[in-house]
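Asks: The structure's right below; bear with me while I get my questions together.
The values are calculated or read from the model by the stated rules, or taken from the named source; none is laboratory data. For clarity, every value in this text was computed on a predicted model and none was experimentally measured. Virtual Cβ from ideal backbone geometry, glycine too; neighbours counted across all protein chains shown. Ligands, DNA and RNA are stripped out before the accessible areas are found, and what is left, the full protein with its side chains, is counted by its heavy atoms. Shrake-Rupley method; radii C 1.70, N 1.55, O 1.52, S 1.80 Å.
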Amino acid sequence: MTDFTDSDHGHDEPDGYRGPAHVTVGRHAPVIVDVELSGNFEPISGRFVWRGRVRELSRAVGGDVAPAGTDLTITTPDGSGTARVSGLDLWGSHMVDGLTRPPFPFMEDTEGLL
């Protein structure tokens, strides 16, 4: 594994993250791929939801090991989170929906309002 030092990626996304991340699929070794993750507070459900795109995962892991419904662990410099693959986009990137706390900083409820 390597560190996340890469000056070409913007890590200052508000309530999100764009850049390299370690992604683990099942028992496969973690791979480093680019991710685009974002989230927002959903007032109807009363919770923060996050989703995103994992690029080049099939190439990095070797084969189609992450069909829809597969859980992944995504680790960024700010933390780890579990997501579920919801499908593939037109370019072959894996679309994911977050299941746990996001692997990036987000709006916290510090005043008990949420």
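Asks: So, G39, is that one at pLDDT below 95, touching a Lys or Arg at 6+ places or on another chain (Cβ under 8 Å) and either closer than 21 Å to L99 by Cα or surrounded by 15 or more Cβ atoms within 10 Å (Cβ to Cβ) (or both) or not? Spell out the reasoning first.
Replies: Values: at pLDDT below 95: yes; touching a Lys or Arg at 6+ places or on another chain (Cβ under 8 Å): yes; either closer than 21 Å to L99 by Cα or surrounded by 15 or more Cβ atoms within 10 Å (Cβ to Cβ) (or both): yes.
Against the criterion (at pLDDT below 95, touching a Lys or Arg at 6+ places or on another chain (Cβ under 8 Å) and either closer than 21 Å to L99 by Cα or surrounded by 15 or more Cβ atoms within 10 Å (Cβ to Cβ) (or both)), G39 qualifies.
Asks: Looking at this structure, is V49 in a strand (DSSP E or B), touching a Gly at 6+ places or on another chain (Cβ under 9 Å), at pLDDT below 95 and open to solvent by less than 40 Å² (accessible area, probe 1.4 Å)?
Replies: Details: in a strand (DSSP E or B): yes; touching a Gly at 6+ places or on another chain (Cβ under 9 Å): yes; at pLDDT below 95: yes; open to solvent by less than 40 Å² (accessible area, probe 1.4 Å): yes.
For V49, the condition - in a strand (DSSP E or B), touching a Gly at 6+ places or on another chain (Cβ under 9 Å), at pLDDT below 95 and open to solvent by less than 40 Å² (accessible area, probe 1.4 Å) - is met.
Asks: Output the number of residues of segment 20-33 satisfying the condition of being out of contact with any Pro (no Cβ under 6 Å at 6 or more places or on another chain) and open to solvent by 30 Å² or more (accessible area, probe 1.4 Å). Working first, answer last.
Replies: The initial filter retains those residues of segment 20-33 that are out of contact with any Pro (no Cβ under 6 Å at 6 or more places or on another chain), namely 20-21, 23, 25-31, 33.
If we keep only those that are open to solvent by 30 Å² or more (accessible area, probe 1.4 Å) as well, we get 26-30.
Total meeting the criteria: 5.
Asks: Limited to segment 54-87, what total is found for residues that are at pLDDT below 95 and of a type in the set (V, I, T)?
Replies: 2
Asks: A further question follows. Which residue pairs have Cβ atoms closer than 8 Å, lie 6 or more positions apart in sequence or on different chains, and pair a first residue in segment 21-43 that is on the phi > 0 side of the Ramachandran plot with a second residue that is hydroxyl-bearing (S, T, Y)?
Replies: From segment 21-43, the pairs are G26/T70.
Asks: Regarding P67, is this residue in a loop (DSSP other than H, G, I, E, B) and over 20 Å from H28 (Cα atoms)? It would help to see each step written out before you state the result.
Replies: On the way: in a loop (DSSP other than H, G, I, E, B): yes; over 20 Å from H28 (Cα atoms): no.
In short, no.
Asks: Right, something else. V31: over 12 Å from P103 (Cβ atoms) and at pLDDT 95 or above, yes or no? First the steps, then the outcome.
Replies: Values: over 12 Å from P103 (Cβ atoms): yes; at pLDDT 95 or above: yes.
Answer is yes for this residue.
Asks: With L99, L90 as the choices, which residue is open to solvent by 30 Å² or more (accessible area, probe 1.4 Å), without any contact (Cβ under 8 Å) to a residue 12 or more places away in the chain and not basic (K, R)? Give the steps one after another, and end with the answer.
Replies: Values: L99 fails: without any contact (Cβ under 8 Å) to a residue 12 or more places away in the chain.
The conditions single out L90.
Asks: I'm checking my understanding of the structure. Among residues of segment 72-103 that are in a strand (DSSP E or B) and more than 11 Å from the chain's Cα centre (by Cα), which one is nearest to R47 (Cα to Cα)?
Replies: Taking segment 72-103 first, the residues in a strand (DSSP E or B) are 72-76, 79-88, 94-98.
Adding the requirement that they be more than 11 Å from the chain's Cα centre (by Cα) leaves 86-88.
On the way: S86: 19, G87: 23, L88: 25 Å.
Across segment 72-103, the extreme among qualifying residues is S86.
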